[in-house]
Structure formats: C-alpha cells, structure tokens
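A.B. asks: The structure that follows is given in the form of structure tokens.
The values are calculated or read from the model by the stated rules, or taken from the named source; none is laboratory data. All of these numbers come straight from a predicted model, not from anything done at the bench. Here the Cβ is made from the backbone with ideal geometry for all residues, glycine too, and neighbour counts use every protein chain on show.
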Amino acid sequence: MRRARLSPEERRAQLIALGVAALAEHPLGELNIEILAADAGVSRALLFHYFGSRQGFQREVVRTAGDSMLQATEPDPGLAPLPRLTDTLRRTVGFVRAHAGTFSSLVRGPASGDPQIRAVVEQARLLQTERVVSLFRELGAEPSPRLLIGLRGWLAFTEQALVDAAIGEQLTDDQLVDLLQDSLHGIAERLEPAASRVLFGA
C-alpha cells in the first residue's frame, strides 16, 4: 500500500511527532535520524531538507515536547493563588508519571552541545519560573532579586525530584506534591518572609 502523500507542513509535523515519541525511549543525543526518516517513509536527505541539520531537528523535537508539557500544566486562572500552585504541581507530577522518558530527556537537553537547544530548554524554565513569580505578584508582593534566584534554584530541585521520585515512584503523587510545595515555602520563608506569608500564610 502506498503511503499517503503529505504536504511539506504535514510531513514536517509527522517527523517532529516521531522524534517526540522516540524521546520516551532514547536520550536526545541518541535519536536515530535514519530510523525516524524510514518510519516516516522519507529519506535522510529529505529530513535534513526540512530541518537543516540533525541539531535543527533536535531543536524542534525539544521545543514541541516542552510546549506539550507547558500546555498540560497551564495554571488554572479560576483558582486562588495557593490552590493554583498545588493544582499545577499535581498536574506536573501527573505529566511526568505519564511521560517519564520524555521528561528525563527534556531536562537533560542542556547537556547537548548545541547552544540553541539549551536556549529552548532555558526558555521553558524561565516560563515555569514566571508562573510562580506571578503568584506572588498577584497578591501584591514583588519578589526580590534574592527570592528570584531562590525560585530558579527551586525549579532545578523540582526537576531532579521529579526525575528521582516521580519516575522512580518512591513517593505517591500527594507526597511528591507536598515535598515540592513545602520546599518552595521553605525557600520563600527563608529568603523573603513577607512574600512567603502572602502566598502561604503565617
């Protein structure tokens, strides 16, 4: 049976989808371009035509996988700030449970030698940090530079905790959410008590 003829945009999207699916089983640097091209029914040369290079393909795979996670964990504006934080953390844990290999590959994306891939991952991290910052701002507390640095450190801790605990399943979902939220509370309380109180209470 002949494969359906796809438009360039459809073929490009198909190749990216195959790459994202492969992240579940393989680190970014081990994605096999030849196998992915064969699975799509195209030549290696055509894949490079669409993406320019192996690194160009990897960038789009990382960008798409990261966007999927950000969309799945989009904060619910209908919730008050603290319940919104809890809900977002719960959905983040759920996403990682369901896409363990993909998440592990994503957070290790900066190990790539390609600065543009590192920039894609870093941009997603900045957005995740901004989601937390916005909770404080919504309540009238502008985080200080000290707290902003602390929030970035908390995000790094969160990524490692998710890899260790969510993927390894040593903790239940509720235990992991509590760990992440309590650690954020502790950092905020230590670095900026007034801001901590507006979000977490006394």
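A.B. asks: Across segment 136-151, what is the total count of residues that are more than 19 Å from the chain's Cα centre (by Cα), under 16 Å from ARG84 (Cβ atoms) and not in a loop (DSSP other than H, G, I, E, B)?
C.D. replies: Final tally of qualifying residues: 3.
A.B. asks: Then there's this: Within segment 36-43, identify whether any single residue is farther than 17 Å from ARG63 by Cα, touching a Gly at 6+ places or on another chain (Cβ under 9 Å) and of a type in the set (A, V, I, L, M, F, W, C), and answer yes or no.
C.D. replies: Yes; the residues of segment 36-43 include at least one that is farther than 17 Å from ARG63 by Cα, touching a Gly at 6+ places or on another chain (Cβ under 9 Å) and of a type in the set (A, V, I, L, M, F, W, C).
A.B. asks: Name, by its number, the condition in (1) among the charged types (D, E, K, R); (2) part of a helix (DSSP H, G or I); (3) loosely packed, with under 14 Cβ neighbours inside 10 Å that does not hold for ARG125.
C.D. replies: (3)
Residues are listed down the side, and each one gets a yes or a no for (1) among the hydrophobic types (A, V, I, L, M, F, W, C); (2) without any contact (Cβ under 8 Å) to a residue 40 or more places away in the chain:
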residue	(1), (2)
LEU135	yes, no
GLY150	no, no
VAL163	yes, no
LEU171	yes, yes
ASP174	no, yes
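A.B. asks: Out of the residues in segment 124-133 that are under 14 Å from the mean Cα position of the chain (by Cα) and in contact (Cβ under 8 Å) with a residue 24 or more places away in the chain, state the one that is farthest from LEU184 (Cα to Cα). Break it down into steps so the answer makes sense when it comes.
C.D. replies: Step one: filter segment 124-133 for residues under 14 Å from the mean Cα position of the chain (by Cα), giving 124-131.
Right, trim to in contact (Cβ under 8 Å) with a residue 24 or more places away in the chain and you get 124-125, 127-129, 131.
Numbers: ALA124: 19, ARG125: 16, LEU127: 17, GLN128: 13, THR129: 12, ARG131: 13 Å.
The extreme case among them is ALA124.
A.B. asks: What number of residues in segment 75-96 are in contact (Cβ under 8 Å) with a residue 60 or more places away in the chain and within 13 Å of the chain's Cα centre (by Cα)?
C.D. replies: Pass one, segment 75-96, residues in contact (Cβ under 8 Å) with a residue 60 or more places away in the chain: 81-82, 85-86, 89-90, 92-94, 96.
Applying the additional criterion that residues be within 13 Å of the chain's Cα centre (by Cα) yields 89, 92-94, 96.
The total comes to 5.
A.B. asks: Could you grab me the full set of residues in segment 58-84 that are closer than 18 Å to GLY101 by Cα and among the basic types (Lys, Arg)?
C.D. replies: Correct list: ARG59, ARG63.
A.B. asks: I would also like to ask the following. Name the residue that is modelled with the highest pLDDT, counting only residues in segment 172-202 that are β-branched (Val, Ile, Thr) and closer than 18 Å to PHE95 by Cβ. Show your work before the answer.
C.D. replies: So in segment 172-202, the residues β-branched (Val, Ile, Thr) come out as 172, 177, 187, 198.
From the residues that got through so far, the ones that are closer than 18 Å to PHE95 by Cβ too are 172, 177.
Values: THR172: 90, VAL177: 96.
Restricting to residues being β-branched (Val, Ile, Thr) and closer than 18 Å to PHE95 by Cβ, the top hit is VAL177.
A.B. asks: Take the conditions polar (S, T, N, Q), closer than 20 Å to ALA80 by Cα, crowded, with 16+ Cβ neighbours inside 10 Å and in contact with a helix residue (DSSP H, G or I) (Cβ under 9 Å, 6 or more places away or on another chain) and apply them to SER196. Does it pass? Working first, answer last.
C.D. replies: Working: polar (S, T, N, Q): yes; closer than 20 Å to ALA80 by Cα: yes; crowded, with 16+ Cβ neighbours inside 10 Å: yes; in contact with a helix residue (DSSP H, G or I) (Cβ under 9 Å, 6 or more places away or on another chain): yes.
Considered against the rule, which asks whether it is polar (S, T, N, Q), closer than 20 Å to ALA80 by Cα, crowded, with 16+ Cβ neighbours inside 10 Å and in contact with a helix residue (DSSP H, G or I) (Cβ under 9 Å, 6 or more places away or on another chain), SER196 comes out as yes.
A.B. asks: So which residues in segment 172-202 are β-branched (Val, Ile, Thr) and assigned to a helix (DSSP H, G or I), if there are any at all? So that I can check it myself, show each step before the final result.
C.D. replies: First, the residues of segment 172-202 that are β-branched (Val, Ile, Thr): 172, 177, 187, 198.
Within segment 172-202, VAL177, ILE187, VAL198 meet the criteria.
A.B. asks: Hey, another quick one. Among (1) acidic (Asp, Glu); (2) assigned to a helix (DSSP H, G or I); (3) modelled with pLDDT under 90, there is one condition GLU169 misses while meeting the rest; what is its number?
C.D. replies: (2)
Every residue, every condition in (1) surrounded by 15 or more Cβ atoms within 10 Å (Cβ to Cβ); (2) farther than 20 Å from LEU176 by Cβ, yes or no:
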site: SER53; (1), (2): no, yes
site: GLY56; (1), (2): yes, yes
site: ARG59; (1), (2): yes, yes
site: LEU85; (1), (2): yes, no
site: THR92; (1), (2): yes, no
site: PHE103; (1), (2): yes, no
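A.B. asks: OK, next. Can you pull out every residue in segment 19-45 that is loosely packed, with under 15 Cβ neighbours inside 10 Å and within 17 Å of PRO8 (Cβ to Cβ)?
C.D. replies: GLY41, SER43, ARG44, ALA45
A.B. asks: Follow-up. Among the residues of segment 12-43, write down those that are modelled with pLDDT under 90 and in contact with an Asp or Glu (Cβ under 8 Å, 6 or more places away or on another chain).
C.D. replies: Result: no residue meets the conditions.
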